[in-house]
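**Student:** Can you keep this structure in mind? I'll have questions shortly.
The values are calculated or read from the model by the stated rules, or taken from the named source; none is laboratory data. Bear in mind that the values here come from a model prediction, so they are computed numbers and not experimental data. In this analysis, Cβ positions are derived from the backbone assuming ideal geometry, glycine residues included, and neighbour counts consider all displayed protein chains. For the accessible areas, the whole protein counts, side chains as well, though only heavy atoms, and no ligand, DNA or RNA atoms are used. Shrake-Rupley method; radii C 1.70, N 1.55, O 1.52, S 1.80 Å.
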Amino acid sequence: MVGKKLLGRENALDMIDKLIRWSPGDLTEVVLRSDFTALTRFAKNYIHQNVAESDYRVTVRVIFGKKIGSATTNSLDDDSLKEAVEDAAAIAKLQPPNEEFEGLPEPEPLPDVNCFVPETDSFSAKDRAAAVKEVVEVAKERGFEASGAFSTRSAELAVGNSRGVRAYNASTYAALSTVMAGGDGTGYAEASGRDVREIRPGEVARVARDKCAMAQNPVSVPPGEYEVVLEPLAVADLLDYLGRAGFSALAVREGRSFLAGKLGQKLFDEKFTMWDDGLDPRGFPIPFDLEGVPKRKVMLVENGVAKGLVYDYATAKREGKKSTGHGGFRGWGPVPANLFMGEGTATLEEMIRSTKRGILVTRFHYTNMAHPLKVLITGMTRDGTFLIEDGRITKAVKNFRFTESALRVFSTLDMIGREAVRVERTVVPAVRVPAFNFTGVTEF
Amino acid sequence: MKELTRKALDVVKELGASYGDIRIVETRTQTIRTRNGNVDALSSTRSKGFGVRVLYDGAWGFSSSSTLTEDEVVRVAKEAVEIARASATVKRDKDVVLSPVKPVVSKWASAVKTDPFSVKTEDKIALLLEADRLMAGCKEVKVRIGSMACQREDKIFASTEGSYIEQTKIETGAGIEATAADRGELQRRSYPTSFGGNWATAGYEIVEQMRLLDHAERVSREAVELLSAKQCPSGVMDVIIESSQLALQIHESCGHPIELDRVLGQEASYAGTSFLTPEKLGTFQYGSEEVTITADATLPRGLGSFGFDDEGVPAQRVTIVDKGIFKNYLTSRETAHELGQVSNGAMRADGWNRIPIIRMTNISLEPGDWTLDEMIKDTKEGILVATNKSWSIDDKRLNFQFGTEIAWEIKDGSLGAMLKNPTYTGITYEFWRSCDAVAGKDEWELWGLPNCGKGEPGQLAHVGHGASPARFRRVKVGVGKW
Ligand SMILES: [Zn+2]
């Protein structure tokens, strides 16, 4: 992008030093971000929205004893920054002490992870348009219409506090997604990564196009329990709910998690293994969290046994543990942010072949938690839902609503795909489940 | 600021743009959250910046920046044209055409009785902590949350067609909630509604009117009672929906499908399209005769109210569904032209760094002439549901499913036992056609939703919905295995 102004390590950390120097607090924490996002959106085979943004955000927390005030500004001039420090200090003084405040983390050595790819950083509006053109050409070959978005982002995150934490990271992000529509079907595919060169628009487009071609003439199949083969996009959706609902140490402490009192028990299928790893380049690596604490790999479920939880600084300190680098989501406690699910041995074809009468799901849409302790989730299927009969895909079907517990899904996995793929921040394989509860059906 | 807007518009005109506009937006937000007796977030946020939107060679470009200097305005204006040029390389078979709007020079400010920023922060904290204390009576209540926020947005809109509009909008919101957990069950209750409470384009007076302290003990008690309440039965029965849940029902099943950009496929890749395709306009039976729905951006206190939208189109009141018949979409200048209409003013952007897209204003179910009591008395077998817990709807907005915090049995005209985990599901138009009773003006309430997500990159809109309780016949309830 033209005129982009990343601050760079030195400037970012200098700014943090300055804010800490100005702060009258007993403790001070500064989180600084810069964000340069560009996104080209297309619909019906043409570009209809095309945007760019350049923004900074500085949040300073000023702490007197256990009284905490926080102020955020997006202006980097000294006057605005001073005003933010004064605002934070003024509101800190207005409140009673927060007895749950456990202080700020001390500095620790940070892992060296490269998250910044210059080719992504320099990807231009012209480059995005060329990629979109490639997608559109693939759609047109079959008389389909492509919609979607191609985005790139360059960002900086710097965290510092008055106990000496100084963390800086620059990162890039690129993503392409497309829905292809034609006749009475749709198909979807996406790709993302830190390196824009890993995104092959033609390949993404062909996957979506083939799905759309297969999705023609959908028939309405009655809702009920079916065997299902869930492709990685659908698995990632359910896994994210499972991670968020269960594996936060604060949620467990407060009895809001299904894991309360159950750590160490076998709660899942023995083939099921899940962990959080913010450093693995197969996902979206990032060296530290919003408290400046290094990311640590946490085994959450091993061979079906619930093994671990993620911690932020405060929750860890209260329990005499060490933060796992999952802090900064104030009020909500720590949450897993980079989930991985262990691979199995099956191919997608093998899962389909071993299904007598079942449904193949490409992805879910508009999922929502109906009950957090049961991890009961409802949502729709979308963009490629198929009937499997006697080991073969026989027809496209109209989209279902499901109302099903993720706990049940991951405790009854009978086959797991041998290749895990990146779905945004989550890396998962496809799975086969013997019974999945579809509770409704729609008209398309 | 006038020099900056003029500079941006001059630059884009010189570069050959056929249309350009600039918005300069400054927002100030204060957020307070209490959790289990502590102030767990107290923050003040300021954001300012500008965005330039242009049409060049019949295609759109937009760029934005938080640095409000003349040099940066020139850079961003040039970049917007550069981006539009790239858009034009993968263009539609016809150019974007904007339906006409009269250029205006105007100022607008929302009405406020008590400026929420003038109320002492200590007093706001004291109110939330007192509500927290009142919720703390029951040991099963594991998490108590109180929240309050206010926002002031100052916005300038200027276009190459000669509009120059200054608007100031003040919003305030608050709410409390209690989450109880015991022996494998978890239940939440909130007031006045869930997910951050109620919001309005108004000052601190709306917080005072909520009387949070009068409801705190009940909220906490109901959360605990729900732990051992009867599971909502499964079956087909009549459902009476209280007004805050009905507000969300309107939002998902009427508000979104009437957005003309969705209808025309512009959101296909993300949120989806709409079952309300253009041939249905004016004839489709969306609901029963009891159902009249309006979109009104002029509604006092409505969270979706404004003076002018982000294309400089004045705020309007539009009938969406008239006695059951689908009459109008929410439109923009570009999409209205596709139907041979002019914009009805629904284009809004989430801040300086986003383009305007079609957003709900205040989409309301007009009051009928029943009362909630009469409806209950008139119902043989059914449930009364209240306060949203979960929501989901398909990408054409047909198959929906909602969960609410609480319900009560209705048997032979009277309210019975409390029910936990209520859910209900249906197909949008079948559901609205089954509406046979809507309560009157006295029970009509206006709700503000500050978190309607749409678009890529993501945008959150502040929208409003008015509703009074209503009854729907033969609805599928108690979905899934519990
Ligand atoms: Zn919405």
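**Student:** Tell me, which helices (runs of 4 or more DSSP H) wholly within region A:62-149 include 2 or more residues that are in contact (Cβ under 8 Å) with a residue 24 or more places away in the chain, more than 9 Å from chain B (Cβ to nearest Cβ) and of a type in the set (Asp, Glu)?
**Tutor:** Helices (runs of 4 or more DSSP H) meeting the threshold: A:118-121, A:125-141.
**Student:** A further question follows. Within region B:401-416, restricting attention to residues that are over 21 Å from residue B:390 (Cβ atoms) and out of contact with any Gly (no Cβ under 7 Å at 6 or more places or on another chain), which residue is least open to solvent (accessible area, probe 1.4 Å)?
**Tutor:** In this case the residue turns out to be B:413.
**Student:** Sticking with this one: Could you please give the count of residues in region A:288-316 that are under 16 Å from the mean Cα position of the chain (by Cα) and part of a loop (DSSP other than H, G, I, E, B)?
**Tutor:** Within region A:288-316, residues that are under 16 Å from the mean Cα position of the chain (by Cα) and part of a loop (DSSP other than H, G, I, E, B) number 3.
Residue-by-condition table, conditions (1) under 20 Å from the mean Cα position of the chain (by Cα); (2) surrounded by 24 or more Cβ atoms within 10 Å (Cβ to Cβ):
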| site | (1), (2) |
| --- | --- |
| A:367 | yes, no |
| A:373 | no, no |
| A:376 | yes, yes |
| A:379 | yes, yes |
| A:387 | no, no |
| A:431 | yes, yes |
| A:434 | no, no |
| A:437 | no, no |
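**Student:** Of the residues B:5, B:29, which is within 11 Å of chain A (Cβ to nearest Cβ) and either in contact (Cβ under 8 Å) with a residue 24 or more places away in the chain or open to solvent by 20 Å² or more (accessible area, probe 1.4 Å) (or both)?
**Tutor:** Checking each option against the conditions leaves just B:29.
**Student:** Let me ask something else. Pull out all pairs, ordered by first then second residue, where Cβ-Cβ is under 7 Å, the residues are six or more apart or on different chains, the first lies in region A:42-56 and is more than 7 Å from chain B (Cβ to nearest Cβ) and open to solvent by 10 Å² or more (accessible area, probe 1.4 Å), and the second is not in a strand (DSSP E or B) and not aliphatic (A, V, I, L, M).
**Tutor:** The qualifying pairs are A:45/A:140.
**Student:** Let me ask something additional. Just checking, which of A:117, A:132 is crowded, with 23+ Cβ neighbours inside 10 Å and at pLDDT 95 or above?
**Tutor:** From the options A:117, A:132, the qualifying one is A:132.
**Student:** Also: Return a yes/no flag: does region B:48-63 have any residue that is open to solvent by less than 20 Å² (accessible area, probe 1.4 Å), polar (S, T, N, Q) and not assigned by TED's automatic domain parsing to the domain that holds residue B:353.
**Tutor:** Yes: one or more hits.
**Student:** Picking from B:156, B:83, B:125, which residue would you name as being away from chain A (no Cβ under 14 Å) and crowded, with 16+ Cβ neighbours inside 10 Å?
**Tutor:** B:156
**Student:** Taking the residues in region B:265-287 that are open to solvent by less than 10 Å² (accessible area, probe 1.4 Å) and at pLDDT 95 or above as candidates, determine which candidate is nearest to residue B:467 (Cα to Cα).
**Tutor:** Across region B:265-287, the extreme among qualifying residues is B:287.
**Student:** Filter region B:291-300 down to the residues that are surrounded by fewer than 24 Cβ atoms within 10 Å (Cβ to Cβ) and either more than 16 Å from residue B:249 (Cα to Cα) or under 15 Å from the mean Cα position of the chain (by Cα) (or both) and list them by number.
**Tutor:** If the condition is that a residue be surrounded by fewer than 24 Cβ atoms within 10 Å (Cβ to Cβ) and either more than 16 Å from residue B:249 (Cα to Cα) or under 15 Å from the mean Cα position of the chain (by Cα) (or both), then B:294, B:296, B:298, B:299, B:300 are the ones that fit.
**Student:** Tally the residues that are under 26 Å from residue A:342 (Cβ atoms) and at pLDDT 95 or above, restricting the search to region A:387-424.
**Tutor:** Qualifying residue count for the region: 23.
**Student:** Under 28 Å from the mean Cα position of the chain (by Cα) and surrounded by fewer than 23 Cβ atoms within 10 Å (Cβ to Cβ), is that true of residue B:114?
**Tutor:** In short, yes.
**Student:** Among the residues of region B:95-116, is any without any contact (Cβ under 8 Å) to a residue 60 or more places away in the chain, more than 8 Å from chain A (Cβ to nearest Cβ) and within 26 Å of residue B:166 (Cα to Cα)?
**Tutor:** Within region B:95-116 (the criterion being without any contact (Cβ under 8 Å) to a residue 60 or more places away in the chain, more than 8 Å from chain A (Cβ to nearest Cβ) and within 26 Å of residue B:166 (Cα to Cα)), the answer is yes, since at least one residue qualifies.
Per-residue answers, yes or no, for (1) of a type in the set (Val, Ile, Thr); (2) within 27 Å of the chain's Cα centre (by Cα); (3) not assigned by TED's automatic domain parsing to the domain that holds residue B:181:
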| residue | (1), (2), (3) |
| --- | --- |
| B:221 | no, no, no |
| B:236 | yes, no, yes |
| B:242 | no, yes, yes |
| B:250 | yes, yes, yes |
| B:253 | no, yes, yes |
| B:256 | no, yes, yes |
| B:264 | no, yes, yes |
| B:281 | no, yes, yes |
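**Student:** So is residue B:314 open to solvent by 40 Å² or more (accessible area, probe 1.4 Å) and within 30 Å of residue B:67 (Cα to Cα) or not?
**Tutor:** Spelling it out, residue B:314 is indeed open to solvent by 40 Å² or more (accessible area, probe 1.4 Å) and within 30 Å of residue B:67 (Cα to Cα).
**Student:** Show me the strands (runs of 3 or more DSSP E) entirely contained within region B:436-482 in which 2 or more residues are within 16 Å of the ligand (Cβ to nearest atom) and not hydroxyl-bearing (Ser, Thr, Tyr).
**Tutor:** B:445-454, B:459-467
**Student:** Would it be correct to say that residue B:420 is within 14 Å of chain A (Cβ to nearest Cβ) and open to solvent by 50 Å² or more (accessible area, probe 1.4 Å)?
**Tutor:** The answer is no for residue B:420.
**Student:** Let me ask something else about it. So which strands (runs of 3 or more DSSP E) stay within region A:166-261 end to end and still have 2 or more residues that are open to solvent by 30 Å² or more (accessible area, probe 1.4 Å) and not assigned by TED's automatic domain parsing to the domain that holds residue A:37?
**Tutor:** Output list reads A:224-230.
Residues are listed down the side, and each one gets a yes or a no for (1) open to solvent by 40 Å² or more (accessible area, probe 1.4 Å); (2) more than 16 Å from the ligand (Cβ to nearest atom); (3) of a type in the set (A, V, I, L, M):
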site: B:302; (1), (2), (3): no, no, no
site: B:320; (1), (2), (3): no, no, yes
site: B:325; (1), (2), (3): yes, yes, yes
site: B:341; (1), (2), (3): yes, yes, no
site: B:353; (1), (2), (3): no, yes, no
site: B:362; (1), (2), (3): no, no, no
site: B:366; (1), (2), (3): yes, yes, no
site: B:383; (1), (2), (3): no, yes, yes
